[in-house]
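Chemist: Below is one structure. I have some questions about it.
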Amino acid sequence: MDQYLDFEQPIYTRLEKIEELKKAVPPPKNLSKELNRLEVEAEKETKKIYKTLSPWQKVLVARHPNRPHTLDYFQNVFDGFEEFHGDRLGDDDHAIVGGFAFLDKYPVVVIGHEKGRETSERVKRNFGMPHPSGFRKANRLMKLAEKFNLPVITLIDTPGAYPGVKAEYSGQHEAIAKSLEVMSDLRAPIINLVIGEGGSGGGFGIGLADTVAMLEYSIYSVASPEACASILWRTAKNAEQAAEALKLDAGNLSKLNIIDNVIEEPTGGAHRNHQETYGSVKKFFLAELMKLSKFPIEDLTAKRYEKFINIGV
């Protein structure tokens, strides 16, 4: 709660005043009445601001440093998460994490991008930008899910696949294409959720699913606003304009039938209330798991193909 975005300043001005009053010695008269007034004002201001967020402001919320990460969901939505390492070809990419877990009593395979929080961890995880070995590790886990007849749940939170020379030499584009091929034919239910930012092939590389959903203030696009602006205007300074044109927010993508569900976030975004967010996400996963379990796997793979082949028609 000690980090806030510029447009959140009116909210935090009131919250800081509340903290000051609580620490005041001696406490002022009518303390409880004043605290209640400020709390109501802060709540109203939060709802007002978040009701009219611009696409660029949603980008900033999706990247908020206090927003829950993939490993947070693995620990708080699922039980008994057991991480698997390595692509069995020579590397273990820390930008993608995955393994086996339980969703209530149901065993599942979970996979997602992890950005890290502290500087050393962010460097170790390459800021959530996968190398080819990350996609190959994800595919290995997916094939295990198919072998043991388990559903797959993927979480997207990446600015994009790593664009470095090493990744290109290692077959970055082939790895993403292969991952899409594996997911399109995978004989297991697949549920996907964008929890932060979903950028380019790095996000979509684990995003081909029977159900594609987004948290309310997450973003999902063919390129980051900065990358798009650099291509179109030769400068990243037009990122705000690019965000508007990309229609990368959950509301627009739902209208365009690119995603299936939008999960509401707590007032002021997921970064303000982790526990409520975990509850909403768990409820969504359970509901989708029950829904998908009613279909024969042949029907799921056929509908999965139709779903993605019709995007943009």
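Chemist: What ³J(HN,Hα) values, in whole Hz, does the Karplus curve 6.51 cos²θ - 1.76 cosθ + 1.60 give for segment 44-57 when θ = phi - 60°, with x put for Gly and Pro?
Modeler: 5, 5, 4, 4, 4, 5, 6, 6, 10, 5, 7, x, 5, 5
Chemist: For the chain, what is the charge dipole size about the Cα centre, in debye to the nearest 20, if Lys and Arg each add +1 at the Cβ and Asp and Glu each add -1 at the Cβ?
Modeler: The calculation lands at about 300 debye.
Chemist: Just tell me which lysines come within less than 23 Å, Cα to Cα, of Lys303; anything on the same chain fewer than 8 places away is out.
Modeler: Lys143, Lys147, Lys178, Lys255, Lys291, Lys294
Chemist: Antiparallel as a % of all DSSP beta bridges within the chain, to the nearest 5?
Modeler: Roughly 40 percent of the beta bridges in the chain run antiparallel, per DSSP.
Chemist: Pick from Gly199, Gly80, Gly134: which residue has the top mean-square fluctuation in a GNM of the chain where Cα pairs under 10 Å get a spring?
Modeler: The residue that fluctuates most here is Gly80.
Chemist: Report the one residue of Ser184, Ile263, Ala287 whose Cα lies farthest in the direction of the positive end of the charge dipole of segment 58-309 (charges on C-beta: Lys and Arg +1, Asp and Glu -1; origin at the Cα centre).
Modeler: The Cα lying farthest towards the positive end belongs to Ser184.
Chemist: Using the per-residue mean of other Cβ atoms lying within 10 Å as a proxy for protection, in what order, highest first, do the peptides 174-182, 234-242, 214-222 fall?
Modeler: Packing order, densest peptide first, comes out as 214-222, 174-182, 234-242.
Chemist: Still on this model: Just want the ordering: Leu286, Leu141, Leu150, Leu256, from fewest to most Cβ atoms lying within 10 Å of their own Cβ.
Modeler: If I rank by nearby Cβ atoms, fewest first, I get Leu256, Leu286, Leu150, Leu141.
Chemist: Turning to a different aspect of this structure: Sort Met129, Met183 so that the residue with the fewest other Cβ atoms within 10 Å of its own Cβ comes first and the one with the most comes last.
Modeler: Listing Met129, Met183 from fewest to most nearby Cβ atoms yields Met129, Met183.
Chemist: If one computes the Cα centroid of segment 233-311 and of segment 42-116, what distance in Å separates the two points?
Modeler: Going from one Cα centre to the other spans 13 Å.
Chemist: Starting from one equal scatterer on each C-alpha and no solvent at all, send me the Debye-based log10 I(q)/I(0) for segment 185-313 at q = 0.12, 0.16, 0.18, 0.19 Å⁻¹, two decimals.
Modeler: -0.52, -0.87, -1.04, -1.12
Chemist: How compact and how long is the chain, expressed as Rg and Dmax of its alpha-carbon atoms in Å?
Modeler: Spelled out, the Cα radius of gyration and Dmax of the chain are 20.7, 70 Å.
Chemist: Here is a follow-up. Quick one: dipole size for segment 164-275, taken about the Cα centre, charges +1 on Lys/Arg Cβ and -1 on Asp/Glu Cβ, in debye to the nearest 20.
Modeler: Once rounded to the nearest 20, the dipole reads 220 debye.
Chemist: Sort Tyr12, Tyr73 so the one with the fewest other Cβ atoms within 10 Å of its own Cβ comes first.
Modeler: Tyr12, Tyr73
Chemist: Hey, in the GNM for the chain with a 10 angstrom Cα cutoff, which one of Lys22, Lys255, Lys47 fluctuates hardest?
Modeler: Looking only at Lys22, Lys255, Lys47, the largest GNM fluctuation is found for Lys22.
Chemist: If you stretched the chain out fully between Asn30 and Lys147, how much longer would it get, using 0.36 nm times the residue separation minus the C-alpha to C-alpha distance?
Modeler: Result for the pair: 35.6 nm of gain on full extension.
Chemist: Can you list residues whose amide H is under 5 Å from Val77's amide H, if they're 5+ apart or on another chain and H is modeled 1.01 Å from N?
Modeler: For Val77, whose amide H was placed from the backbone, there are no distant partners under 5 Å.
Chemist: So between Glu298 and Asp79, what do we pick up on full extension, going 0.36 nm a residue minus the alpha carbon distance?
Modeler: That pair, Glu298 and Asp79, stretches by 75.9 nm at full extension.
Chemist: Would you mind working out the magnitude of the charge dipole of segment 10-63 relative to its Cα centre, with +1 at each Lys and Arg C-beta and -1 at each Asp and Glu C-beta, to the nearest 20 Debye?
Modeler: Rounded to the nearest 20 debye, it is 160 debye.
Chemist: Once every DSSP H run of n ≥ 4 in the chain is given -39500 (n - 2.57) and the sum is divided by its residues, what mean residue ellipticity at 222 nm do you get, rounded to the nearest 500 deg cm²/dmol?
Modeler: Rounded to the nearest 500, it is -14500 deg cm²/dmol.
Chemist: I've got another one for you. Two decimals, Cα atoms only, Kirkwood Rh: what is Rg/Rh over segment 1-152?
Modeler: 1.15
Chemist: Which entries of Lys137/Lys166; Lys58/Lys124; Lys105/Lys282; Lys51/Lys282 show an alpha-carbon separation above 19 angstrom in the structure shown?
Modeler: Listed pairs above 19 Å: Lys58/Lys124; Lys51/Lys282.
Chemist: On full extension of the chain, what length is gained from Lys48 through Val123, given 0.36 nm per residue of separation minus the C-alpha to C-alpha distance?
Modeler: Once the chain is fully extended between Lys48 and Val123, it gains 23.3 nm.
Coordinate-derived values only; no laboratory data. The shown structure was predicted, so the numbers you read here are calculated from the model rather than taken from an experiment. Note: ideal-geometry Cβ built from the backbone for every residue, glycine included; neighbour counts use all protein chains shown.
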